[in-house]
Every structure is written in structure tokens, then in C-alpha cells.
1. Helix-only estimate, please: 222 nm mean residue ellipticity of chain A, summing -39500 (n - 2.57) across DSSP H runs of length 4 or more and dividing by its residues, to the nearest 500.
2. Give me the Debye-computed log₁₀ of I(q)/I(0) at q = 0.06, 0.07, 0.09, 0.13 Å⁻¹ for the protein assembly as shown, equal point scatterers on Cα only, no solvent, two decimals.
3. What does the charge dipole of the protein assembly as shown about its Cα centre add up to, to the nearest 20 debye, if the Cβ of each Lys and Arg holds +1 and the Cβ of each Asp and Glu holds -1?
4. Of all the accessible heavy-atom surface of segment A:37-107, with the other protein chains kept in place and a 1.4 Å probe, what percent is carbon and sulfur?
5. Out of B:Glu127, B:Glu90, B:Glu14, any idea which swings most in a Gaussian network model of chain B, alpha carbons joined below 10 Å?
6. Cross-link partners among lysines for A:Lys124, C-alpha distance below 17 Å, same-chain residues fewer than 8 apart left out?
7. Filter the GluC sites (Glu not before Pro) in segment A:96-171 to those in DSSP coil with at most 10 other Cβ atoms within 10 Å of their Cβ, and list the result.
8. Only Lys, Arg, Asp and Glu count, each charged at its Cβ (+1, +1, -1, -1), so figure out the dipole size of segment A:3-234 about its Cα centre, rounded to 20 debye.
Amino acid sequence: MNDLLTVKDVSYKKNQKLVLQNVNLKLNSGKIVALLGENGAGKTTLMRIIAGVAKNYKGEINIEGATKEAERKAKLSFTDGLTGFSDSTKIKEVVKFYATIFEDFDENEFDELRQFMKLDPEMKLSQLSRGMREKLIIALTFSRKADLYLLDEPFGGIDAMARKKIINSIILWKDEKATILISDHFVNEISSLLDEVVIVKDHTVLEHKSADDIRQTHKSIEEYYESFYADEDDE
Amino acid sequence: MTSFNTLFNRMFQEKSKSVYLIFLIQAFASLCFTIIGFVSGNGTPEFVNGKDTSSVNVIVAFLAVFAVMMLITSFIADFVYWIISSIKNEKINRSQTWRLIPVTDTKFLLSNFGTAFLTYIWLGILEAVTIIVTLLPMLSDQDVRKAIGQASIHLSARDWQTMLGSLLLIIFIGYAWYAIVSLLNLASRSIIDFLPGGSSKVWTFIIRVIVIIAIIWILGHAVTIIFSVLGKFSPFMVNSQDINYATTILQFLVFDVVITLIDILLLNKFVEAKQN
């Protein structure tokens, strides 16, 4: 297997507060990987560093040989909150922006995903509920033909039924060689998808294991994840 | 990778929305002022050329007054857009949606400044075209044509040179404004993200005030140094009057380049996109 993503000795501070320290991570192509950790553990920061939107970090990021930020951005698709658009922007205008700006954006793919998510292109962003907005973000993210998808807590506002449908379909939306790094609190719901699990704790990557190994030694991936916080709960 | 042209076109489209909105408001305000002027005025409109007066068609006079109102309100509209475009620039600099675009920070910043400046010129063009078009019916009046014919304008080579020099100077000064606003914003954001204590509103305000004072002081000194050094260097002009013009243009060019390089450095190394 080829290394798709290499994170080497990455450390990051903000306001003199340590967020990540000596993070090392290697992901192969074609995998679906969960990035798990409690709130404030640094999952989002790690994704933002990989995506090239967080600055002033130490260490190296490499996505298939691309180390410069602009080159990395071309190879990945990150769930963006669409804050760059005004609330009066229509979905079709957001799609036009993506189609113009990203060479790998597939409008036909988006149209299929949009229908799957039941989104009306004439709707304005202000008319979307939190769940609908998240569905739009997922549809936009997967309409790009990227090597690496970074999904930062993508299902928070989506109702349970729709969430299940989306999670079951994710595997169909990515190319065979593409890798997905997904951070989420709904560990059980995404566990069936996972090839690997990465645990972020104490400002660093504490564990990186294959999902099959975890399933052999633990009841479930959720139980494995919770075991990292068992001592803290006892206290 | 996204090309510079694609990004530039996209940013231009985005910013020109504000241009059209401001232009429409300006045209509507000018129309209202013109109607008020006509309603409150009495008698038939007249064209005055020295001691001669002649009556003018009401519609032609209405359009001419509208053109004058457009000219007057253009100073306010241009100032408003100047401020709006500066704010928009800084929002884009910090927007994750825009910063995820696969281009280098240099291209990103140049496109942001360039489109702000070009849309500003676009607003000026829209205003100028409207004023000219609404003044055109005045040419149907014989007295107006006669008055224009009497006004002889002869531009010498020196006049053209001065006009070109002024135009360049306006471009460099306009660009300097956007570059300085970004410098203030990016520098204060870098410091806020570096210092302990997070980014509370009070803290942010204090830092911004300190940075503004510090940068104005530094820029004052830098401008004095740049201008005194380049003031002695005038390789391509002969006349002493031209020397002053050419060196001033050169000084502003160097100033713009230096500020832009600092902005690029700050954006590239320190200023992150705002988290969603």
C-alpha cells in the first residue's frame, strides 16, 4: 500500500497554548479512517493543518508528494462551513462557485448527491436547517474527485434516519483509491465503515490501529474508544 | 490547482455585486434629488452661456440635472465603496471557504487587492458612462454645441505626460490603501493569535489600536527613508518638474511592493483562516 498522507512531527500552539505536540500519522490510500478524541483534543486543528488553513505549525505534511499548501489543497476535499457565502446565496450559486474554482468538481455527481439529500438548488443558505446545511456540505465535499477527504464532524445536525442513509452510502461516493479521514461523535454508527481508527489524546496521536484488530480484541470500536477515558470517568 | 485568472474572475464577480448595489442606490438617490429640484424649481429651464440665455427642452434639462446629481453623489458612493471593498478584502483574507482554494498565498493576495481596485474602477466607469449618456441629449441644443465649439482645448505632449503620471500615481496610491488596511488587519491578527489570553473583544480592540499606532509610526519613518533615498535617484527624466513626478511615482511603487511583500509573509506564515 502507498502512503497517501504523512504527518511528521507536527506541533501547534495557539495563544501560547499547546494544541498538538509531535503528531505523527501515516494513512494509506483507499482507507476510511476515524479520528476520535474528546472535544478540544485537536482533531479539527489537525485537519485544518493538513488542509493548509491553519498556520504557524512545526513539522511536515505530505499528501502524495505534495508538501506545499497550495498543492495539498488541490489533492484534498475538506468539509467547509460555507461561511464565505452570504445567507442570501442560493445553493445553485454555491455550486457554480465550486464548479468554477475546483477543477476536480463534478457537477453531475453533485446533482446525484443533491437529489439523494433532497436539496432544492433554488434554496438560499438562510433557508437551510442545520441538518440540510450539513447535507449540502457533504454533497459538495464528495462532488470533488480528491485523493483525501477530510470530514470534520459532518453529521452533527442530521437526523438519525438520514445519517444512517448517508453513512451507508459514503463508500459509494469515493473512488477506490481515495482515503477518508472522518472525525465524529457517532462512533457506533460509522464503525461498520471503518478500516482504521486514530485516537487523539493528550495533544498527540495516542493510538493508530486497524479496525479489524480492534474488533478482535474489543467488543466494539466504541468500547475501545471509551477505554481511553475509563480512568478519567472513575475519578 | 486553480489558475490566477479563474480566481481573479471569481473574486471580481463576487465584489462587483456590491458595485451594482451601490450604483443602483446612487442612481436612485440622484433621480430623487433631480425630481425634488424640478418640483421645487419654477419657470422653464434655461441654458446660460456667459451673458446669453436660451430655453432648453424639459427632458434634456432633466437628464442634464440628473448627470450633475450623479457627479455630486459619486463622491459619496465612491467613498462608501472604498470602505466596503476594504472590509470585503479582509473578510476574504480570513475566510476558510476562500482560503481552501488551491492557489499560492501570493496569487491569493494579489487577486484580492487587484479585484478590489478593479471593481472600484468599474464603479467609476459605470458612473462616467451614465453621466456622459445623460448629457448627450444636450448636444441637440444649438447653443450648447456652439459653446462647446468655442471652448478650445489643446493638450500638449507635456499635458498628456502629466495626465499619465497622475493616473499612475492614483493607481499606486489606491493600491497602497488596500495594502495598508491588510497590513493593519493581518499584523494585529498575527499578534492576537500569538499572545496568551485568547481573542476576547476587549483584548482584540486594544491590540488593534496599538498595532494601528505602531504601523502608522513605522510607515511614517519608512516613507521618509524611501522618499529621501529615491528622491536622489531620477534616471529617466530631464526636466526638473518631471523629475519630481517620476520620483514620486517610483517612491509609491517601491512603497506598494514593500507593503505587499509584508502582507504576503503574514498571510503565508501566520494568519489562519477563521474556523467555521
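The values are calculated or read from the model by the stated rules, or taken from the named source; none is laboratory data. A quick note: this is a predicted structure, and the numbers were derived from the prediction, not measured. For neighbour counting, all protein chains shown are included, and Cβ atoms are generated from backbone atoms with ideal geometry for every residue, glycine included. With ligands, DNA and RNA removed, areas are computed over all heavy atoms of the protein, side chains included. Shrake-Rupley method; radii C 1.70, N 1.55, O 1.52, S 1.80 Å.
1. Per the formula, -10500 deg cm²/dmol.
2. Debye output, listed in q order: -0.41, -0.54, -0.80, -1.29.
3. In total the dipole reaches around 1220 debye.
4. 39 percent
5. B:Glu14
6. Partners found: A:Lys90, A:Lys92, A:Lys96, A:Lys135, B:Lys17.
7. Of the GluC sites (Glu not before Pro), the ones in loops of segment A:96-171 whose Cβ has at most 10 other Cβ atoms within 10 Å are A:Glu122.
8. With Lys and Arg at +1 and Asp and Glu at -1, about 760 debye.
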